[in-house]
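Data block below; observations after.
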Amino acid sequence: MSHTVITTTTTTRTSDGGFLNVGYIRTTGGILKISQMVALLVAFLCVHCARAWPDWPAFRYFEVVTLWFLFAFLIFFLMHMFRLQAKIACINWPLMEFLHYAVGAILVLIASIVGSVKSGGISVLVAGSVFGFIATFLMAVSLWTSYKVSCGSQQTGASV
């Protein structure tokens, strides 16, 4: 009796091995980072393009905080897009993002509260403060999801 063996090989391509992680944009973390960057950019531009500031130091602080965290979240977004966390393994990236979200949420909240109180009824400054509050809320959501990832899924080395 003669037997014939047929072997079928299926090759599939995924985006996991590529240089650019385009699928990250569709994840919850990617959508949150893009939303945070847009809210921070709009908040910064609203305050920066205002013609007259009733309180110069308060709105300069608002600009510095929003621009700083805009660049920080842009760097984190690009790190995820280009998969640089795996290449720089000496840094605990989930913890670093968690700390940036915590500090960012607190500082942007303070800047938004001060900006809304000192706006003097100037509509563009009020709009900047509102977008600051939106960015604060998005950072709090990212803080919560980051906490669940970094602290909620820890495994012990003990075998059961």
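The values are calculated or read from the model by the stated rules, or taken from the named source; none is laboratory data. As the structure is a prediction and not an experimental result, all values here were calculated from the model. All Cβ positions, glycine included, derive from the backbone under ideal geometry; neighbour counts span all protein chains shown. With ligands, DNA and RNA removed, areas are computed over all heavy atoms of the protein, side chains included. Shrake-Rupley method; radii C 1.70, N 1.55, O 1.52, S 1.80 Å.
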> At V124 and L95, where each label point lies 7 Å from the Cα along Cα→Cβ, what is the point-to-point distance in nanometres?
Replying inline: 4.4
>> If packing is taken as the average count of other Cβ atoms within 10 Å, what order do 131-137, 67-73, 28-34 fall into, highest mean first?
In response: 131-137, 67-73, 28-34
> In whole Å, what three semi-axes, largest first, describe the equivalent ellipsoid of region 22-146 built from its Cα gyration tensor (square root of 5 times each eigenvalue)?
Replying inline: 29, 13, 12
> If you plug each phi of region 74-81 into the Karplus form 6.51 cos²θ - 1.76 cosθ + 1.60 with θ = phi - 60°, what whole-Hz ³J(HN,Hα) values come out, in order, with x for Gly and Pro?
Replying inline: 5, 5, 4, 4, 5, 5, 5, 5
>> Straight-line reach only, C-alpha to C-alpha below 25 angstrom: list the lysines that K118 could link to, leaving out same-chain residues fewer than 8 apart.
In response: none
> Can you tell me the accessible area per residue over region 21-83, all protein chains present, probe 1.4 angstrom, in square angstrom?
Replying inline: 51
